[in-house]
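A.B. asks: My questions will all concern the structure given below.
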Amino acid sequence: MPRTPKYTDPIRFPEYADRSTRDVRGWILLVSTILLPGSVQSLFGVRRFARFALGLSLATWALVVLVGLASLLRRQLVFTLATNPFILALLTLWALVLAVVWLVALVDTVRRIRLVRLSPRTRLGVVAAALASVLVIGGGLAWGTVTLNSQRQLISEIFAGGLGVRPSDGRYNVALLGTDAGKGREGIRPDSISLVSIDARTGESVIIGLPRNLQNVPFAEDSPLRSQYPQGYDCGDECLINAVYQLGEQHPEGFDEGSPAGAQAMKDAISGVTGVDVHYYAMIDLKGFEALIDAMGGISLVSGKRVPISAPVDKATGKHGPVRGWIEPGELHLDGFHALWYARSREFASDYERMVRQRCVQEAMIAQLDPATVLTRYQSIAQAAPEVVSTDIPQLQVDRFVDLALKAKAQKIRSLNLTPPEVIPADPDYAAVHALVAEALEPAEARAASPDGPSVLAAGAAPAGLDPVAGAVPGAVLAAAPTEGGEDEKDRAICYVP
């Protein structure tokens with residue numbers, strides 16, 4: 001039988017080719033498998049494995065191209081892929097199977113290259129390239145599998161089930177609650193209360209800060225608490241808005257079972273105060289906030305003043321004990337413990353100074369939570385987040401809020417503080433408050449026609465009582481969006497983010 005095919009087909013019969021041809025053959029087979037697993041096996045007639053591997057490889061490349069095109073043409077589709085737990089589960093399984101198939105194809109290809117027939121230099125290069133591809137591509141697929149699974153768990157643990165809601169008057173309104181149910185504290189009383197209102201089309205955002213000592217708060221008309229308090233929550237000095245959470249927990253009848261009755265009661269109270277529908281809430285545990293800062297690797301800022309780390313309050317005197325330590329002025333890199341104290345310390349400082357410090361911590365988080373930090377610390381951030389954040393934003397709308405967050409990033413956040421002299425917490429005029437809020441939420445077109453705008457919109461001011469973690473709401477509602485106006489010298493004397 002003639003042996004001509006063996007001489008004319010060095011891919012299948014390398015033993016009849018010269019060394020230089022075998023060297024070229026080795027590189028061709030290796031690169032083919034790295035880029036398209038299964039292609040080499042199809043040449044050698046391993047049909048069943050080759051069909052599966054090639055089909056999986058081609059489908060993967062097609063998916064990569066489609067996602068790339070979608071990111072340019074319709075980015076919300078990419079957000080849907082990245083935030084839907086079912087799709088994330090499929091992608092996790094896909095990445096796992098692809099990793100196994102790719103590794104099997106690579107090992108089989110190296111076997112078929114027949115390293116002993118290569119020149120020493122080429123043999124060393126092929127082995128080094130194969131090992132490098134295992135580390136880069138195989139390691140990348142393994143990392144991708146773990147990250148996809150972590151993302152799926154994160155979305156499932158933080159966000160709620162069910163369907164989403166439509167915006168009201170073209171806006172989504174999210175109640176932001178900062179709580180600290182630590183030792184010696186009974187139940188949950190929000191330390192910070194605010195409402196972020198987001199234009200559903202443009203992402204333009206307004207933060208409305210509510211004093212936690214606001215009295216006589218009315219409830220939304222459809223609230224279960226409305227019948228008990230038709231004139232508002234008016235039972236005296238103890239009936240403040242930050243006590244509404246516990247009121248809802250004590251009277252859960254009539255509230256939905258999907259989320260805490262206390263959180264739903266707070267939404268109803270904030271709706272009654274502001275006169276707008278409150279669609280969702282996001283609650284931040286300030287103790288767990290430390291872990292999130294630590295997961296990020298800390299934050300950096302410049303402080304112009306010393307900030308005390310106070311001892312617990314003496315119940316007999318109502319005053320703090322001796323100062324336990326100080327956060328000194330200058331360029332600082334703060335871990336979670338010190339960042340939380342820097343934002344919330346009250347002694348020897350005015351409310352204004354505290355608000356400026358809170359804003360610095362928030363801006364430092366936004367500045368540092370960049371793609372590089374997320375990629376290198378994703379696992380620790382994902383592990384910390386469920387302990388920090390709870391919300392009733394449904395999983396099906398996370399992609400929408402991520403899209404709005406990116407739109408908001410390029411704009412300025414405006415703020416409205418419901419504080420004196422415009423609003424007196426002990427005796428508020430809620431009709432006037434509704435008018436202030438309505439004016440603050442006017443569309444950009446209406447504001448352009450009336451450039452003066454509401455006098456209480458504080459350029460660059462943080463909402464009253466707003467803790468820094470309010471900027472870390474699920475879906476990054478406030479992600480990387482600067483506040484309106486620049487930092488003046490008075491603010492920079494307190495702190496700023498370089």
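A.B. asks: What does the extension gain come out to for E442 and L66, with contour length at 0.36 nm per residue minus their alpha carbon separation?
C.D. replies: This chain segment gains 131.5 nm when fully extended.
A.B. asks: Another question, if that's okay. Sticking with the crude label model, points 7 Å out along Cα→Cβ, report the distance from S168 to T317 in nm, one decimal please.
C.D. replies: That separation, rounded to one decimal, is 4.7 nm.
A.B. asks: Next question, about the same structure. Which of rounded, prolate or oblate describes the stretch 239-282 when judged by the alpha-carbon gyration tensor and an a/c cut-off of 1.5?
C.D. replies: Taking the square roots of the gyration eigenvalues as a ≥ b ≥ c, the stretch 239-282 is oblate.
A.B. asks: For W27, project a label point 7 Å along Cα to C-beta. Then give me every residue of the stretch 131-163 with its amide nitrogen under 18 Å of that point.
C.D. replies: Within reach of a label on W27: 131-133.
A.B. asks: Return the long-range amide H neighbours of S192 (sequence gap of 5 or more, or a different chain), with a cut-off of under 5 Å between placed amide H atoms.
C.D. replies: Excluding prolines and chain starts, which carry no amide H, the hits are G178.
A.B. asks: For a quick check of your reading of the filter: which GluC sites (Glu not before Pro) in the stretch 147-254 sit in a DSSP loop and have no more than 10 other Cβ atoms within 10 Å?
C.D. replies: Loop-located and lightly packed - E186, E221, E238, E253.
A.B. asks: Taking a ≥ b ≥ c as the square roots of the Cα gyration tensor eigenvalues, with a/c under 1.5 meaning rounded and otherwise prolate when a/b beats b/c, else oblate, which class fits the stretch 201-272?
C.D. replies: Working: a/c = 1.85, a/b = 1.25, b/c = 1.48.
Note, shape of the stretch 201-272 comes out oblate.
A.B. asks: Too long at a 32 Å Cα-Cα cut-off: which of K267/K490; K407/K490; K305/K412?
C.D. replies: K267/K490
A.B. asks: In addition: Leaving out ligands and nucleic acids, note down the accessible area per residue over the stretch 121-185 with a 1.4 angstrom probe, in whole Å².
C.D. replies: 54 Å²
A.B. asks: Give me, ordered by chain and number, the residues 5 or more places off N417 or on other chains with an amide H under 5 Å from its own placed amide H.
C.D. replies: G209, A458
A.B. asks: Still on this structure, I have one more. With r defined as the distance between the Cβ atoms of D277 and L93 and R0 fixed at 51 Å, what FRET efficiency is calculated, to the nearest 0.05?
C.D. replies: Computed FRET efficiency for D277 and L93: 0.80.
A.B. asks: Fully extended, how many nm does the chain gain between D429 and V134 (0.36 nm per residue separation, minus their Cα-Cα distance)?
C.D. replies: Working: separation 295, 0.36 × 295 = 106.20 nm, distance 6.76 nm.
Taking 0.36 nm per residue and subtracting the Cα distance, the gain is 99.4 nm.
A.B. asks: Report the gain in length on full extension from V104 to R47: 0.36 nm times residue separation, minus Cα-Cα distance, nm rounded to one decimal.
C.D. replies: Stretched fully, the V104-R47 segment lengthens by 19.1 nm.
A.B. asks: A further question on this structure: Rolling a 1.4 angstrom probe over the protein heavy atoms, how many square angstrom per residue are accessible across the stretch 59-111?
C.D. replies: Using a 1.4 Å probe on heavy atoms only, each residue of the stretch 59-111 averages 59 Å².
A.B. asks: Let me ask you something else. With the crude spin-label approximation of a point 7 Å out along Cα→Cβ, what separation in nm comes out for S300 versus T202?
C.D. replies: Here the modelled spin labels are 3.5 nm apart.
A.B. asks: Let's test the formula: R0 of 60 Å, r as the Cβ-Cβ distance of W326 and D9. What FRET efficiency results, to the nearest 0.05?
C.D. replies: 0.15
A.B. asks: Using modelled backbone amide H atoms (1.01 Å from N, in-plane), which distant-in-sequence or interchain residues come within less than 5 Å of K305's amide H?
C.D. replies: G330
A.B. asks: Select from the stretch 26-109 those trypsin sites (Lys or Arg not before Pro) which occupy a DSSP coil region and have at most 13 other Cβ atoms within 10 Å, ordered by residue number. Could the numbers behind the result be given before it?
C.D. replies: Details: sites: R47, R48, R51, R74, R75; in loops: R74.
Hits after loop and neighbour filter: R74.
A.B. asks: Now, a different point. Once you place label points 7 Å from the Cα toward the Cβ at H333 and R114, how far apart are they in nm?
C.D. replies: Result for the modelled spin labels: 5.6 nm.
A.B. asks: I would also like to ask the following. Provide the per-residue ³J(HN,Hα) series for the stretch 248-259, in order, calculated from phi with Karplus coefficients 6.51, -1.76, 1.60 and θ = phi - 60°, each as a whole number of Hz, with x at glycine and proline positions.
C.D. replies: Values, residue by residue: x, 5, 7, 10, x, 4, x, 8, 5, 8, x, 9 Hz.
The values are calculated or read from the model by the stated rules, or taken from the named source; none is laboratory data. None of these values were measured; they are calculated from a predicted model. Every residue, glycine as well, gets a Cβ built from its backbone with ideal geometry; the counts of neighbours run over all protein chains shown. Side chains included, ligands, DNA and RNA excluded: accessible areas come from the protein's heavy atoms. Shrake-Rupley method; radii C 1.70, N 1.55, O 1.52, S 1.80 Å.
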